[in-house]
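Notes follow the structure.
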Amino acid sequence: MEQWRLFLAIFLSILVFAVWQYFFVPKQEVETPPSPVERAKEAIEPAILASDSVTPETEKVAGEIFEAKTIHTSLYTARISAKGAALTGFVLEKYKETFDDQNVGKQLIPPANTEGTILVELDGKDAPDLSHILFTSDYSEEVMDVSAGARSMSFYSQSDTGYVVEKKYTFYPDSYKIDLEVTVKNESAGTHVGSLAVILTNPTPETQSSYGFEGPFAYINNSFEQIEIKEFEKKGVVTGNVDWAGIETQYFMTTIIPDILAGNLLRFHFDSKNNLVEVRLSRHEQIFQPGAAQSGKYTLFFGPKRMSDLKSVGRNLDKAVNFGYFDVIAKPCLWLMNVIHDRAIPNYGVSIIILTILFKLLFWPLGTKSYKSMAEMKKLQPLMEEIRKKYKEDKKKMNEEIMGLYRTYKVNPMSGCLPMLVQIPVFIAFYRMLYGAIELRHAPFALWINDLSSPDRLFHFGFSIPLMAPPYGIPVLTIIMGATMLLQQKLSPPPGDPAQAKMMMMLPIVFTFIFINFPSGLVLYWLVNNVLSIAQQYYITKKTV
């Protein structure tokens with residue numbers, strides 16, 4: 001029975017290492033504010049201007065130059081091309097592309113997406129091709145400033161086959177949602193069979209995110225689903241109640257929300273030639289008689305995976321923030337962390353510390369029971385050592401005598417592991433929350449820790465370090481955390497077997513290496529939890545002894 005601590009420690013090591021492998025292995029002077037038009041051009045032009053022949057009023061799409069419109073709000077700057085009336089640029093104003101460059105906003109439609117997104121097509125074997133038609137707009141200015149209230153912009157086109165297409169976008173000054181209304185009318189003399197489809201596209205990441213899933217996801221029939229590219233063919237056509245479908249990255253998402261739940265068909269396609277993931281949302285097939293039309297209303301969401309923004313849109317969009325099996329624990333953690341940050345101390349590092357203290361108070365009775373058991377075990381060490389020496393040649397008799405010792409002194413050797421086992425779901429839930437919470441992206445804590453979503457590094461070296469993800473530097477917080485684990489190990493009763501004792505003392509080193517590439521927010525949580533555990537264990541041990 002004395003080996004339970006070793007087995008538990010090894011289990012925890014394997015668990016944390018598996019989680020790490022799954023999620024982390026290949027990851028001024030005051031100036032006069034510019035006008036909305038100037039800000040729009042500054043935000044969008046670097047992402048879409050590809051040659052000297054492209055002007056702010058035009059853009060290059062798939063090697064050709066087309067007219068374009070720019071829409072500016074306080075939250076984003078968008079670009080709509082005349083080709084397909086597609087969104088070809090979408091730069092978030094409040095989020096930056098990288099921590100090191102605070103002048104470049106986060107681009108949700110990367111330049112690799114040369115065709116743009118939110119394309120309109122007619123699905124059907126004899127339906128005309130609408131994918132490359134050109135549109136004209138009813139808005140004559142280059143830039144639309146959306147600051148005083150909702151504003152709309154319509155685009156019109158007629159294909160060579162006689163189909164008239166209208167796309168009407170409505171933008172809001174304080175929301176990431178965009179309303180879209182699409183109408184396709186058959187003004188030809190022929191009859192066609194097809195269904196109206198709106199297509200959301202974006203490139204697949206060059207490397208899968210080391211923090212979790214990136215790709216198409218949807219909320220179908222009251223169920224959240226993430227669809228791997230290899231599952232596309234098996235998935236086929238999805239029918240049922242489609243609340244929304246889209247493409248997600250670690251912190252951001254682009255999504256289509258149909259106005260009606262039923263009557264939608266959902267397909268996922270991978271364009272390997274252009275490395276594009278396509279999410280195709282279409283209506284049921286219908287016969288387009290001459291003069292017949294089909295319309296569809298949608299809401300688009302291009303923005304951060306932030307609960308408050310998602311809930312404001314409705315239609316279960318907040319389900320897009322999903323922490324897997326531990327969602328029921330992680331969501332309250334996220335809510336409480338934001339409450340502490342927004343209403344008490346506006347520092348997410350401090351919020352993590354306070355949340356950790358609350359967790360420790362919640363588990364205090366279990367911890368007390370565990371540390372009392374450890375203290376009793378420590379008092380029995382001399383007697384257990386005598387039994388081992390006396391019966392070293394008879395393992396069966398040795399175990400019987402040790403078990404009798406436990407019964408005599410009413411000590412349960414397994415009670416010490418209960419708090420650890422109970423905290424595992426909380427640890428994993430908190431971990432999932434910390435790596436997925438956009439609130440921690442580029443959020444500073446103190447001193448050298450300026451991004452709680454990235455590993456802590458003091459100084460940046462100009463050379464790589466084995467086992468360490470860039471940037472390369474001194475992981476001070478992680479080293480301190482490892483030291484606290486080592487101290488905690490010394491406070492615990494040692495195993496009788498010298499080989500086991502050496503292995504137990506190696507675990508803090510193993511954990512330190514595992515945590516080197518963890519987000520500093522998670523390392524901070526584990527460090528504070530260790531310090532509180534050490535204090536509680538020291539107090540209980542002194543009181544018991």
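The values are calculated or read from the model by the stated rules, or taken from the named source; none is laboratory data. These figures come from a predicted structure and were not determined experimentally. Note that we place each Cβ from the backbone using ideal geometry, even for glycine, and neighbour counts take in every protein chain shown.
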If you check every pair at least six apart or on different chains, which have Cβ atoms under 8 Å apart with a residue in region 377-389 that is within 17 Å of R407 (Cβ to Cβ) first and a residue that is in a helix (DSSP H, G or I) and of a type in the set (D, E) second?
I387/E401
For region 329-346, check the following and say yes or no: at least one residue is among the aromatic types (F, W, Y), in contact with a Lys or Arg (Cβ under 8 Å, 6 or more places away or on another chain) and either over 22 Å from E93 (Cβ atoms) or not assigned by TED's automatic domain parsing to the domain that holds L180 (or both).
no
What's the total number of residues in region 274-293 that are over 27 Å from the mean Cα position of the chain (by Cα) and surrounded by fewer than 19 Cβ atoms within 10 Å (Cβ to Cβ)?
9
State the number of residues belonging to region 139-192 that are surrounded by fewer than 18 Cβ atoms within 10 Å (Cβ to Cβ), more than 23 Å from T255 (Cα to Cα) and in contact with a Leu (Cβ under 9 Å, 6 or more places away or on another chain).
1
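Residue check: is I357 at pLDDT 80 or above, within 26 Å of K542 (Cβ to Cβ), in the same structural domain as V523 (by TED's automatic domain parsing) and part of a helix (DSSP H, G or I)?
Yes.
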Which listed residue, of F268, F224, F232, is more than 25 Å from V165 (Cβ to Cβ) and in contact with a strand residue (DSSP E or B) (Cβ under 7 Å, 6 or more places away or on another chain):
F232
Tally time: how many residues in region 76-115 are closer than 28 Å to E285 by Cα, surrounded by fewer than 24 Cβ atoms within 10 Å (Cβ to Cβ) and in contact with a strand residue (DSSP E or B) (Cβ under 6 Å, 6 or more places away or on another chain)?
1
Here the residues within region 218-237 that are modelled with pLDDT under 85 and either touching a Phe, Trp or Tyr at 6+ places or on another chain (Cβ under 7 Å) or β-branched (V, I, T) (or both) are I229, F232, K235, V237
From the residues in region 193-208 that are touching a Phe, Trp or Tyr at 6+ places or on another chain (Cβ under 9 Å) and modelled with pLDDT under 85, which one is surrounded by the most Cβ atoms within 10 Å (Cβ to Cβ)?
G194
Residues of region 222-244 being in contact with a Lys or Arg (Cβ under 9 Å, 6 or more places away or on another chain), outside any loop (DSSP other than H, G, I, E, B) and surrounded by 19 or more Cβ atoms within 10 Å (Cβ to Cβ), in sequence order, are D243, W244
If only one of M420, M384, M485 is closer than 30 Å to L532 by Cβ, modelled with pLDDT of 80 or more and of a type in the set (A, V, I, L, M, F, W, C), which one is it?
M485
For region 278-322, how many residues are among the β-branched types (V, I, T) and at pLDDT below 90?
1
Listed residues G162, G105; which is under 30 Å from R441 (Cβ atoms) and modelled with pLDDT under 95?
G105
Go through (1) assigned to a loop (DSSP other than H, G, I, E, B); (2) farther than 30 Å from I352 by Cβ; (3) under 49 Å from the mean Cα position of the chain (by Cα) and name the single condition E393 misses.
(3)
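One line per residue, one yes/no per condition, for (1) over 19 Å from the mean Cα position of the chain (by Cα); (2) more than 19 Å from S140 (Cβ to Cβ):
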position: T70; (1), (2): yes, no
position: S81; (1), (2): yes, no
position: L92; (1), (2): no, yes
position: F99; (1), (2): no, yes
position: Q102; (1), (2): yes, yes
position: L108; (1), (2): no, yes
position: E115; (1), (2): yes, yes
For A62: the one exception among (1) of a type in the set (A, V, I, L, M); (2) under 26 Å from T204 (Cα atoms); (3) at pLDDT 75 or above:
(3)
If you take the residues in region 316-369 that are closer than 30 Å to I227 by Cα and β-branched (V, I, T), which one is surrounded by the fewest Cβ atoms within 10 Å (Cβ to Cβ)?
V328
Would you check if K372 is in a strand (DSSP E or B) and either surrounded by 17 or more Cβ atoms within 10 Å (Cβ to Cβ) or at pLDDT 90 or above (or both)?
no
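Determine, yes or no, whether L265 is part of a helix (DSSP H, G or I) and buried (at least 17 other Cβ atoms within 10 Å of the Cβ).
no
Does A375 satisfy the condition of being assigned by TED's automatic domain parsing to the domain that holds L281 and among the hydrophobic types (A, V, I, L, M, F, W, C)?
The answer is no for A375.
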